[in-house]
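A short worksheet on the structure shown next.
The values are calculated or read from the model by the stated rules, or taken from the named source; none is laboratory data. Model, not experiment: these values are computed from the prediction. Backbone-built Cβ (ideal geometry, glycine too); neighbour counts: all protein chains shown. Accessible surface areas use protein heavy atoms only, side chains included; no ligands, DNA or RNA. Shrake-Rupley method; radii C 1.70, N 1.55, O 1.52, S 1.80 Å.
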Amino acid sequence: MSDNPIPLRLKQARNKIGISQKELGIKIGMDESSASGRMNHYEKGRHVPDIETLRKIAQELNVPLNYFLCEDDLSAELACLISRLDDTSKKILITELEKLEDSELKKVVDQRENSPEIAIDIKDL
């Protein structure tokens, strides 16, 4: 992906709900005569929307704002899924991910203790 993930993410989210660039621009408050052109510039990466415009686009496309900044497809998908959770579910997910992270670290430590030839500095994890 290029340095700026916004153009690709914007196009993906817009196409997913099946609206034109012009329709999206108008829905977020752009003038009808310039909506298509401005959205095209955003999707081509010629211009970057300011944060408030990007927030309006995200709301209209039903994606979280951070979706546009994800560097890979899996992170973008996770951002969308997580944004749909209520706060209680988000806290549960954080706890479970922390457990998983701790479990993975324990596996590495156990592996190192059982295999002295593996030289892993735990500080580097």
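So, in the range 17-47, of the ones that are of a type in the set (Ser, Thr, Tyr) and open to solvent by less than 60 Å² (accessible area, probe 1.4 Å), which residue ends up farthest from Pro5 (Cα to Cα)?
If we filter the range 17-47 for residues that are of a type in the set (Ser, Thr, Tyr), which is where we start, we get 20, 33-34, 36, 42.
Next, only the ones that are open to solvent by less than 60 Å² (accessible area, probe 1.4 Å) stay: 20, 34, 36, 42.
On the way: Ser20: 20, Ser34: 23, Ser36: 20, Tyr42: 11 Å.
The extreme case among them is Ser34.
Pairs needed: first member in the range 15-26, among the polar types (S, T, N, Q); second member anywhere, modelled with pLDDT of 95 or more and open to solvent by 30 Å² or more (accessible area, probe 1.4 Å); C-beta distance under 6 Å; at least 6 residues apart or different chains.
Sorted first by the residue in the range 15-26, then by its partner, the pairs are Gln21/Ser36; Gln21/Asn40.
Select from the range 48-89 the residues that are open to solvent by less than 100 Å² (accessible area, probe 1.4 Å) and either part of a loop (DSSP other than H, G, I, E, B) or at positive phi (or both) and list them in ascending order.
Of everything in the range 48-89, those that are open to solvent by less than 100 Å² (accessible area, probe 1.4 Å) and either part of a loop (DSSP other than H, G, I, E, B) or at positive phi (or both) turn out to be Val48, Pro49, Asp50, Val63, Pro64, Cys70, Asp72, Leu85, Asp86.
Can you name every residue in the range 1-16 that is part of a helix (DSSP H, G or I) and surrounded by 18 or more Cβ atoms within 10 Å (Cβ to Cβ)? Step through it out loud before you land on a result.
To start, the set of residues in the range 1-16 that are part of a helix (DSSP H, G or I) comprises 6-16.
Selection gives Ile6, Pro7, Arg9, Leu10, Ala13, Arg14.
Can you run down the residue pairs with Cβ atoms below 9 Å, 6 or more apart or on separate chains, where the first is in the range 33-44 and part of a loop (DSSP other than H, G, I, E, B) and the partner is not acidic (Asp, Glu)?
Ser34/Gly25
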